[in-house]
Amino acid sequence: MRDNTQEQLHRLRSLRIAAGLTIEELAVRSGVSPRTIGGIERHRIHRPHHGTLRALGAALGLDVRDAGQLHAAGEQVAGVTGLPGVTAHFTGRHDEIAWLTRQLRRRPAVQLIGLPGAGKTALAVQAATVLAERFPDGVRFLGPVADATAATIARRLLPPSDPASHGPDAVAIGAYRDLLRHRRILVLLDDVRDDRQVGPLLPPDALGVTLITGRHPLTDLPATDRRLVPPLPAADARAALTAMVDGTAPAPAVAALAAGCGGLPLALRVTANRLLTRPQWSAQWLIDRLGRPERALDALVAGDLSVRDAFERTYAGLPARARRAVRLLTRPAGPVPAEAGFLDLVERGWVTAGREHRYEPHPLVRAFARVAPGT
């Protein structure tokens, strides 16, 4: 069994990704070398110096108490923090934050879904930061939840001093439900896969509120408690990329690059990283590749951030009919005919519905369809 220290260090990558940082960007912020950060995340460095972890915690925007999760084995619950730092250059999302503000006032649980790289985690963290004062008993973050069971999630969120956190599954789940019933707390569960992970944890009479991000809609939640996070509108995408590149590219080039990214925040961040770290590659070089579906995904890689990898992880969990629908998108640009599975893609933001049962994919979805497994 992996010890508590290793479970805590395993969360460094999720905290970094939630903050929208590459390893190189975190290295610049923290003063810790990229090699050391990579070694910690891959468990090649098993006992990093406490000063290193304090520097990483500060760079991630964790306060002193929350930064302790990175180095104090047994004192903190693995993966649980007040919140990761908010994403630099967070832009727009006013409608989504307004919706979350309303829903988190009156509903016990809400979910954000959307395209891979649409910024679900960044939006959830931003909203939770803004709304934190509503929750006098605290704001807690756990993620990525991945394949954790409901009982495992409950144990990680219960205080380590609670005997139930070390008890049988039913006891741990019951204690966590009682916690939500009696504490005005906001829990952010990131990257939840299915209903079985969270359904048993949500009492209908809870004072606490649960904000969930995920790749797939949870069927146990009413549709009115679910929000699709779309790509950024063109104006917001340009503004975000302009802030990220900080004058290293002219305005027309920034506009063309933002359009080539289709407003997808992950693609915008990767593009900015490439412009800032590889000045020998001109903006026009990236514009040309983003305009060619067969080359776009190859251009959208920076360190361990990859748009293609993000799509592949989510694609693997789609229903078989939805994966077939993705593979049908290899046809030339334009609407595609109705096919079983396209409604699944609409629900997840991969395509938008048009007239006469026709669907239009996001441009990077169409690019991914060319290389999707099984194509």
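Which ones in region 142-154 are modelled with pLDDT of 90 or more and either touching a Gly at 6+ places or on another chain (Cβ under 6 Å) or not β-branched (Val, Ile, Thr) (or both)? Can you show your working first?
Kept after step one, since they are modelled with pLDDT of 90 or more, are these residues of region 142-154: 149-154.
The answer is Ala150, Ala151, Ala154.
Report, by residue number, each residue of region 228-241 that is outside any helix (DSSP H, G or I) and in contact with a helix residue (DSSP H, G or I) (Cβ under 6 Å, 6 or more places away or on another chain). Show your work before the answer.
Here is the first cut: in region 228-241, the ones outside any helix (DSSP H, G or I) are 228-233.
Passing the criteria: only Val229.
Condition check: open to solvent by 40 Å² or more (accessible area, probe 1.4 Å) and of a type in the set (Ser, Thr, Tyr). Does Thr242 satisfy that?
yes
Taking the conditions exactly as written (in contact with a Ser or Thr (Cβ under 8 Å, 6 or more places away or on another chain) and modelled with pLDDT of 90 or more), does Val346 satisfy them or not?
Values: in contact with a Ser or Thr (Cβ under 8 Å, 6 or more places away or on another chain): yes; modelled with pLDDT of 90 or more: yes.
Yes; evaluated as a whole, the condition is true for this residue.
Considering only residues that are open to solvent by less than 20 Å² (accessible area, probe 1.4 Å) and among the aliphatic types (A, V, I, L, M), look in region 28-63 and name the one that is modelled with the lowest pLDDT.
Leu62
Of all residues in region 220-236, which are out of contact with any Ser or Thr (no Cβ under 8 Å at 6 or more places or on another chain) and within 23 Å of Ala310 (Cα to Cα)?
Arg226, Arg227, Leu228, Val229, Pro230, Pro231, Pro233, Ala234
Residue pairs, Cβ under 8 Å, 6 or more apart or interchain, first in region 149-169 and farther than 21 Å from Gly138 by Cα, second of a type in the set (Ser, Thr, Tyr). List them.
Going by the 8 Å Cβ cut-off, the qualifying pairs are Asp169/Thr149.
Give the number of residues within region 123-153 that are over 12 Å from the mean Cα position of the chain (by Cα) and part of a loop (DSSP other than H, G, I, E, B).
Looking only at that region, the number is 7.
Here are Leu286, Leu275, Leu268: which of them is crowded, with 19+ Cβ neighbours inside 10 Å, at pLDDT 90 or above and part of a helix (DSSP H, G or I)?
After applying the criteria, what remains is Leu268.
The values are calculated or read from the model by the stated rules, or taken from the named source; none is laboratory data. Quantities reported herein were computed from a predicted structural model and do not represent experimental measurements. Here the Cβ is made from the backbone with ideal geometry for all residues, glycine too, and neighbour counts use every protein chain on show. These accessible areas exclude ligands, DNA and RNA; they are computed on the full protein's heavy atoms, side chains included. Shrake-Rupley method; radii C 1.70, N 1.55, O 1.52, S 1.80 Å.
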